[in-house]
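These notes concern the structure reproduced below.
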Amino acid sequence: MRLKDKVAIVTGAAQGFGAGIAQVFAREGAKVICCDLNGEGAEKMAESLMNGSVGMACDVSRLADARAVAARALAAFGRLDIVVNNAGTSHRNKPLLEVTEEEFDRVVAVNVKSLYNFAIAAVPAMQAQQGGAIVNIGSTAGIRPRPGLTWYNGTKGAVHLMSKSMAVELAPWRIRVNVIAPVAGETPLLTTFMGEDSPEIRSKFLATIPLGRFSTPRDIAHAALFLASDEASMITGAVLEVDGGRCI
């Protein structure tokens, strides 16, 4: 098993990419702290893993919540090896001037401030262990942005750059930081990205993906598994595009 005896935090684990990551990590031997704004969903996910993993409610935009998640990991398992900052949100696809201040603030808090929060909460434990892996979920939107998602695109660009800077700064403690940049996936956010769901709009989105399909939780989970595992011990500061060729 590729994550045997590892302890991982996965945010946004109740559904979508996060659920897929939690399931694959558990299959590969990790104990997972499944956290999500939907606490009940997180607890159900942890129970379904059937390996003693833990589920709990967490608003990733709140430092106190991030601290509570890290503390729970250490209390339950005595160590913390992996953090996957997967939880994310977006404003609906629409002209940039129509995005409200409230929508903007929420997207920045969830997509960007969460990296700060979980660094503050989790990195000290990794420093004490002299090792760890952080996997941040970025987006092709931070590489080849689409109209209608300007402010969301900006947050994902920030995720990519912040992760590279974190990788350099945390390298002396053997803490690796990498990014996965998925293309639009079959998750609850898909309709938000498209603005509305119709065969015509889906066809328009799919036409920009050379492999001709959306990403799936399994696609992202397998990429996260590699980056979090010891097999990627020489990889840090990378942005792995899991995009079916979208960014070419």
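Bear in mind that the values in this text are calculations on the coordinates, not laboratory data. In this text the structure is predicted, and so the values were computed from the model without any measurement. Backbone-built Cβ (ideal geometry, glycine too); neighbour counts: all protein chains shown.
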Residue 247 versus residue 75: modelled label distance in nm, points set 7 Å from Cα along the beta carbon direction: 3.8 nm
Trypsin sites (Lys or Arg not before Pro) lying in DSSP loop within the stretch 25-80, provided at most 14 other Cβ fall within 10 Å: 62
Packing-based exposure ordering (other Cβ within 10 Å, fewest first) of 140, 236, 192: 192, 236, 140
Computed label-point distance, nm, for sites residue 129 and residue 230 using a 7 Å Cα→Cβ extension: 1.3 nm
Which of 161, 115 has the fewest Cβ neighbours within 10 Å, and the rest in rising order: 161, 115
Which listed pairs, of 4/44; 94/164; 6/44; 113/204; 94/156, have C-alpha distances above 24 Å, in listed order: 94/164; 113/204
Length added when fully stretched, residue 94-residue 1, from 0.36 nm per residue minus Cα-Cα: 29.1 nm
Within the stretch 186-239, trypsin sites (Lys or Arg not before Pro) in DSSP loop having at most 15 other beta-carbon neighbours inside 10 Å: 213
Farthest toward positive dipole pole in the chain [+1 Lys/Arg, -1 Asp/Glu at C-beta], among 86, 229, 54: 229
Per the chain, cysteines lacking a partner by the 4.7 Å Cβ criterion: 34, 247
Virtual spin-label span in nm between residue 190 and residue 27, 7 Å along Cα→Cβ: 2.0 nm
Ranking of 152, 116 by count of other Cβ atoms within 10 Å, fewest first: 116, 152
Taking all pairs of distinct alpha-carbon atoms in the chain, Kirkwood radius in angstrom: 17.8 Å
Positive minus negative residues near residue 142 (Lys, Arg vs Asp, Glu; Cβ under 13 Å): +3
Potential lengthening between residue 44 and residue 207 on full extension [0.36 nm per residue; Cα-Cα distance subtracted]: 55.0 nm
